[in-house]
Amino acid sequence: MEQEARAWWKEAVVYQIYPRSFADSNGDGIGDLNGVTEHLDYLRELGVTVLWLSPFFSSPNDDNGYDISDYRGIMKEFGTMADFDRMLAGIHARGMKLVMDLVVNHSSDEHPWFVESRKSRDNPYRDYYIWKDPRPDGSAPNNWGSYFAEGAWELDETTGQYYLHLFSRKQPDLNWANPRVRDEVYDMMAWWCGKGVDGFRMDVISMIGKENFDDGPVTPGKVYSDGEASYKHTETTHRYLREMRERVLSKYDLLTVGEAGGTPEQAIRYASNDGSELNMIFSFEHNDALNDGTAMGKWSDHGAPLAEVREILNRWQLKLEGRAWNSIYLSNHDQPRQVSRYGSDAPLFRARSAKMLATLIHTMRGTPYVYQGEELGMTNAYFTRLDQYRDIEVFNTWKLWVETGKVHPEDMMRWFARIARDNARTPMQWNRSENAGFTTGTPWIGVNPNYLSVNAEDEARDPDSVLNYYKKLIALRKAYPILVYGSFAPLLEDDPSVYAYRRELDGERLTVALNWTDRTAPCALFDGAGKELISNYASHKEGVLLPFEARVVLEKA
Ligand code: TEU
Ligand code: CA
């Protein structure tokens, strides 16, 4: 196989910060940019090389910053542009890079563009958004649903037309067919690159190329259709991304990752080695394994069995190798905590399984992404009362399914406790002081009570902690090119308990074996030969892997 092209964004380890929940520097209960700046040494010591911050731009926070009202302004709760400049200087001074969240499929309805657009049908900004006449009976232009459990169209009384919002009503979709909109976006991207930003995570970038507004198919039991055939992964989207590369991305040395989902074949379009669009994308397939195919989508009791997860992750590894670069992640601000979902957050197994999952993320082929708190083995909060939640997706889902009597409240609360995005948004657990050291005020969302045993300060002192295991893994990634550039080959593909695979590069071979279960499992892959790079057990039992045991062994091929 020809020498893989080297690139810093392939060798990176990216840490995602959700600023609202990371660190509050001024006691208002909301995380902020100075809070990030105050913890840059912690991040440098962890070893991560790139920070991806969820949106920190002006926003009414209907969707916690994913609804932007000024693309060149800093959200007032997060601080000022001077605070941003200080944070960026601090990141660069420590040899790290900053990736910003580019949310341009939609803006906030409080953005001046939309305030103008909705004033009249002939306003110069009207075509910055997607407006359609009602159907003859006055209903919405088509049967599409939003991703937040309601219709995708909102009637604007002033002009008697509906506007499209694939997310909340306060997140009107931008009209990318309008070249003025694309100019505005490219100019804004170049402005941030001029300030020194090192890349973009592109929010729902696979949806920007709407090609028609035809009704979609309605899954039995669902209220709205899924219009994705009209707007997701279209040729138009790829045309816009090639234009974006030509107009902006090609002019800077950036990490670009698209939140695209889709199949490996589609990923090869978005993240092709030919550099025509983006460096890499986030797949959703392993997250969507939650969906058990019912009308309720991800709201289910479905777990994450090894057979399903392994089939998905291995298929992505094999199909992309040599054709496109991959991202490897299990957590982000939209997903439940990985140790609760894929491992075990029972006290006996929490740390062990957290380390096993971390080993998977850092030994596969692709850029690893670590979500804030994952490195501590933070778990779901399992909120039991609706008033503990903050996410618009939860409240809209409750309205659509429980208030209409379609779903029993107990089922919905069980699904929220397991799967709601709020599980990833509880405050970062820094130490044992009140509110886990996140704030001296009242936190905007409840702190997970387990911060007394799961926190950065205690784990920094414990050589056997999840935190120190992440530090070792990230150091390995920097020390062994085989972890970045090695080929991938599955092993034991039908094993009921062990997830195993092999990496090879320049005459060396790395064998990785992960016991996905809380029981001892037979495994004959290791005979004592080779050099063990890392394990989450200090000693091993011949011929087996202990509960959630991870082993990584390097030898001559
Ligand atoms: O997420 C898009 C997305 O596909 C997921 O949000 C998913 O549809 C959602 O979690 C409902 O299950 C991006 C951001 O990551 C998310 O936080 C935003 O809410 C969303 O886009 C809109 O900007
Ligand atoms: Ca604050």
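Just so you know, all these numbers are worked out from the coordinates, no wet-lab data involved. As the structure is a computational prediction, the values presented were derived from the model and not from experiment. Every residue, glycine as well, gets a Cβ built from its backbone with ideal geometry; the counts of neighbours run over all protein chains shown.
The residue list 87, 501, 73 was ranked by how far each Cα lies along the charge dipole of the chain toward its positive end, using unit charges on Cβ atoms, and 501 comes out on top.
Pairs of alpha carbons in the range 215-279 separated by more than 20 Å make up 38% of all such pairs.
Within straight-line reach of residue 119, meaning a Cα separation under 24 Å, sit the following lysines at least 8 residues removed in sequence or on another chain: 132, 170, 210. Among 512, 218, 402, 248, a tally of other beta-carbon atoms within 10 Å of each Cβ gives an order, fewest to most, of 218, 402, 248, 512.
Once the piece of chain linking residue 115 and residue 26 is laid out straight, how much longer is it, given 0.36 nm per residue of separation minus the C-alpha distance between them?
Result: 28.9 nm gained on full extension.
When the Cα centres of the range 2-30 and the range 476-521 are compared, how far apart do they sit, in Å? What the calculation gives is 25 Å, centre to centre. Largest first, the extents of the alpha carbon coordinates of the range 1-92 on the three principal axes equal 52, 27, 21 Å. The trypsin sites (Lys or Arg not before Pro) of the range 67-104 that meet both conditions, a loop assignment by DSSP and at most 16 other Cβ atoms within 10 Å of the site Cβ, are 94. Magnitude of the charge dipole for the chain, about its Cα centre and with charges confined to Cβ atoms of Lys, Arg (+1) and Asp, Glu (-1), is about 980 debye. Using the Karplus relation 6.51 cos²θ - 1.76 cosθ + 1.60 with θ = phi - 60°, the per-residue 3J(HN,Hα) values for the range 167-176 come to 10, 6, 4, 8, 10, x, 5, 6, 8, 5 Hz, with x marking Gly and Pro.
Contact order normalised by length for the range 112-164, with contacts defined as Cα pairs under 8 Å and 6 or more residues apart; what percent is it? Relative contact order comes out at 33 percent.
Give me the one-decimal Kirkwood hydrodynamic radius in Å for the chain, with the sum taken over alpha-carbon pairs.
Evaluated on the chain, it is 24.3 Å.
Hey, for a label at residue 518 modelled as a point 7 Å past Cα toward Cβ, could you say which residues of the range 410-447 have their backbone N under 17 Å away? It comes to 418, nothing else. Under 5 Å from the amide H of residue 282 lie the amide H atoms of 258, 259, 260, 261, each residue being 5 or more positions distant or on a separate chain, with H modelled from the backbone and absent for Pro and chain starts.
Taken over the alpha carbons of the range 250-363 as equal point scatterers, the Debye sum produces base-10 log I(q)/I(0) values at 0.14, 0.21 Å⁻¹ of -0.65, -1.21.
Farthest towards the positive end of the charge dipole of the chain, among the residues 227, 545, 297, is the Cα of 545, using unit charges on the Cβ of Lys, Arg, Asp and Glu. A Förster distance of 25 Å, applied to the separation of the beta-carbon atoms of residue 178 and residue 70, puts the FRET efficiency at 0.80. Sorting the Cα pairs of the range 112-164 by distance into bins of 5 Å, from 0 upward, gives 5, 22, 28, 21, 17, 6, 0 percent per bin.
In nm, what is the difference between 0.36 nm times the number of residues separating residue 384 and residue 223 and their Cα-Cα distance? Provide the component values of the computation, followed by the final result.
Details: separation 161, 0.36 × 161 = 57.96 nm, distance 2.67 nm.
Length gained between residue 384 and residue 223: 55.3 nm.
With N the number of residues in the range 486-556, Rg(Cα) / (2.2 N^0.38 Å) evaluates to 1.04.
In a shell of Cβ-Cβ distance under 9 Å around residue 282, excluding residue 282 itself, what net charge do Lys and Arg (+1) and Asp and Glu (-1) give? Intermediate results must be reported in sequence, preceding the final value.
Working: positive: 201; negative: 259.
That sum, taken over residues with Cβ under 9 Å, equals 0.
For residue 25, nonlocal amide neighbours, meaning residues 5 or more places apart or on other chains whose placed amide H falls under 5 Å from its own, are 32, 35. Each of 87, 364 has some number of other Cβ atoms within 10 Å of its Cβ, and from fewest to most they run 364, 87.
Could you sort the peptides 171-177, 291-297 by per-residue average Cβ neighbour count (10 Å cutoff), highest mean leading?
Details: 171-177: 22.4, 291-297: 14.1.
Sorting 171-177, 291-297 by mean packing, highest first, produces 171-177, 291-297.
So what's the back-of-envelope 222 nm ellipticity for the chain, counting only DSSP H runs of four-plus at -39500 (n - 2.57) apiece and dividing by all residues, rounded to 500?
That calculation yields -7500 deg cm²/dmol at 222 nm.
Against the empirical 2.2 N^0.38 Å scaling, what ratio does the C-alpha Rg of the range 383-473 come to?
Numbers: Rg = 16.6 Å, N = 91, 2.2 N^0.38 = 12.2 Å.
Cα-based Rg divided by the globular estimate yields 1.36.
On a C-alpha basis, how far is the centre of the range 85-109 from the centre of the range 281-341 in Å? Whole number, if you could? So the separation of the two Cα centres works out to 26 Å.
Pairs to check: 10/298; 97/195; 97/471; 355/531. Give those whose C-alpha atoms are more than 24 Å from each other in this structure. Numbers along the way, then the final one.
Details: 10/298 31 Å; 97/195 12 Å; 97/471 18 Å; 355/531 19 Å.
Pairs exceeding the cut-off: 10/298.
Distance distribution P(r), the range 398-557, all Cα-Cα pairs, bin width 10 angstrom from 0: 9, 24, 25, 23, 15, 4, 0 percent.
What fraction of the Cα pairs in the range 437-521, stated in percent, has a spacing above 16 angstrom? Each step should come with its number before you reach the end.
Values: 2531 of 3570 pairs.
Tail of the P(r) past 16 Å holds 71 percent of the pairs.
So how much slack lies between residue 539 and residue 157, counting 0.36 nm per residue of separation and subtracting their Cα-Cα distance, in nm?
Residue separation times 0.36 nm, minus the Cα-Cα distance, leaves 130.6 nm.
Using only alpha carbon pairs under 8 Å that are at least six residues apart, calculate the relative contact order of the chain and give it in whole percent. Mind showing how you got there, number by number?
Details: 1170 pairs, mean separation 70.7, N = 557.
Value for the chain: 13 percent.
So if I take the centroid of the Cα atoms in the range 133-191 and the same for the range 46-74, what is the distance between those two points in Å? If we compute the Cα centre of each part, the gap is 21 Å.
P(r) for the range 23-158, from all Cα pairs and a bin width of 5 Å, is 2, 9, 15, 17, 15, 12, 9, 8, 7, 4, 2, 1, 0 %, short bins first.
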